[in-house]
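Let me begin by presenting the structure, written as C-alpha cells, before commenting on it.
The values are calculated or read from the model by the stated rules, or taken from the named source; none is laboratory data. Everything numeric in this text was worked out from a predicted model, so none of it was measured. Using ideal geometry, Cβ is built from the backbone for each residue, glycine included, and neighbour counts are taken over all protein chains shown.
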Amino acid sequence: MRHIGFFTVLGFCWIIAPAHALVDGPWVEAEPARYRLIAAEVGGTSYAALQIDLKPGWHTYWRYPGASGLSPEFNFQGSRNIDVRAPLFPAPYFFDDGVGGFNGYKDKTGIVFPLLMQPSGELDMQGIIGVCREVCIPMNVAQRLVFNRDGLKSSPHKDTIAALLKAQPQEPSKDLVIRSASFDGVSLQLVVSGTALEDVSAITIPGPHDIIGLPRIVGRDEDAFLLEIPAWSKLDHPLIGRKLTFIIRAGARAIEQEIQVRDHRLLPQ
C-alpha cells in the first residue's frame, strides 16, 4: 500500500466563557471521512471521543494496524485543567488486503479518551489517523472543546460514548476464551473454546521482533476451534515461553487475552 502526502483538516471550536459547556464540535467534512469530538460523563467518569464517519470502501486503523497501515496518534498538550488518559478502542476487525492484511474499522467508529479534570477545562486535540482505500492518506484531525463537569453530566452524547466503551474487547470468560497457545517451530497453535462459536478469528499483537502471518482454522468441534498462525521471531526473542496478546472474535463478540506460549512438542497428544 503506498502512502501519499499529508492533508490537514482543522475544525476548531472556540468559546469565551468556560462556565458554559461545549460538549461537541461541528462535524468536519473531508474526503473521504468526516469527524468530530464529543464529551460526556458515563458511569461517573469523564470521557471525550473522536467520532469517525468513513465513506463506503474506506477504512481506518486500530492501535496495532497490522502488516500495512498507520497507527493513530494523538496529542493533547494544548489542553488546560484536563489530563487525558490512554485511548480506548473498539475491538478491531481483520481485513485481508492481499499484502498481509490490516486491523481496523469501516463505516462508523470512534476512539474514546478517559479524562481526569478539574471543575472546568479546555480539551485541545491534535492527531493523525490513516484513512485508506487503494491509497492511504495520513489525515490530520484537530478540535477544541471547553466544558465543565455539569455540562458533561447533562451531555446528549452519553449513549454514543457508552456504546463505544461497550464495543471494546472484553475479558475472557467461559463463553469465549483461549484455552491454550503453543508454538511448533513454524506456527502458533491456538485452541479457542466457548459457547455458540461462529466466525472465529484471531489478531495477534506482535513484539518488535516478531513476524506474524495470517491465521487459518485447521480444526473445530462443537465448542472449540483450532487456529494456526504462521509466526517467526529472532533467535534471541523466542516465542516459546513468552506471553502474547490476542484479540479473538466470534461473530459480534470479542475478547483480549494475554497467554503464555508453550512448546507444542511437549503438549499431550
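When you go through V186, V200, V218 one by one, which is the residue that is crowded, with 20+ Cβ neighbours inside 10 Å and under 26 Å from Q257 (Cα atoms)? If you could, list the steps in order and put the result at the bottom.
Working: V186 fails: crowded, with 20+ Cβ neighbours inside 10 Å; V218 fails: crowded, with 20+ Cβ neighbours inside 10 Å.
Result: V200 is the single residue among V186, V200, V218 that is crowded, with 20+ Cβ neighbours inside 10 Å and under 26 Å from Q257 (Cα atoms).
Give the residues of segment 104-144 that are among the hydroxyl-bearing types (S, T, Y) and modelled with pLDDT of 95 or more, sorted by residue number.
Of all residues in segment 104-144, those among the hydroxyl-bearing types (S, T, Y) come to 105, 109, 120.
Matches in segment 104-144: Y105, T109.
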Among K234, K243, K158, the single one that is outside the structural domain of F89 (by TED's automatic domain parsing), under 24 Å from L88 (Cβ atoms) and basic (K, R) is K243
In the set L115, L188, L152, the lone residue that is touching a residue at least 40 places away in the same chain (Cβ under 8 Å), among the hydrophobic types (A, V, I, L, M, F, W, C), closer than 21 Å to I247 by Cα and in contact with an Asp or Glu (Cβ under 8 Å, 6 or more places away or on another chain) is L188
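Could you please find all residues in segment 104-152 being aliphatic (A, V, I, L, M), within 14 Å of I38 (Cα to Cα) and in contact with a Pro (Cβ under 6 Å, 6 or more places away or on another chain)? Reasoning before the result, please.
First, pick out the residues of segment 104-152 that are aliphatic (A, V, I, L, M): 111-112, 115-117, 123, 125, 128-129, 131, 135, 137, 139, 141-142, 145-146, 152.
Checking the rest, the ones that are also within 14 Å of I38 (Cα to Cα) come to 111-112, 115, 123, 125, 141-142, 145-146, 152.
Across segment 104-152, the qualifying residues are I111, V146.
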Looking at segment 167-175, is at least one residue farther than 17 Å from Q51 by Cβ and among the hydroxyl-bearing types (S, T, Y)? yes
Taking segment 79-103 and keeping residues at pLDDT below 95 and either surrounded by fewer than 14 Cβ atoms within 10 Å (Cβ to Cβ) or part of a strand (DSSP E or B) (or both) leaves Y93, F94, F95, D96, G98, V99, F102, N103
Taking segment 148-176 and the residues there that are surrounded by 18 or more Cβ atoms within 10 Å (Cβ to Cβ) and part of a strand (DSSP E or B), the one that is modelled with the highest pLDDT would be L176
Exception for Q257 within (1) farther than 15 Å from A91 by Cβ; (2) of a type in the set (S, T, N, Q); (3) at pLDDT 95 or above falls at (1)
Of the conditions (1) assigned to a strand (DSSP E or B); (2) under 16 Å from the mean Cα position of the chain (by Cα), the single one that A231 does not satisfy is (2)
Taking segment 125-142 and keeping only residues that are under 21 Å from the mean Cα position of the chain (by Cα) and either farther than 26 Å from Y93 by Cβ or not in a strand (DSSP E or B) (or both), one is left with Q126, R133, A142
Flagged in segment 190-221 as in a strand (DSSP E or B) and more than 26 Å from G104 (Cβ to Cβ), in numbering order, are V191, S193, G219, R220, D221
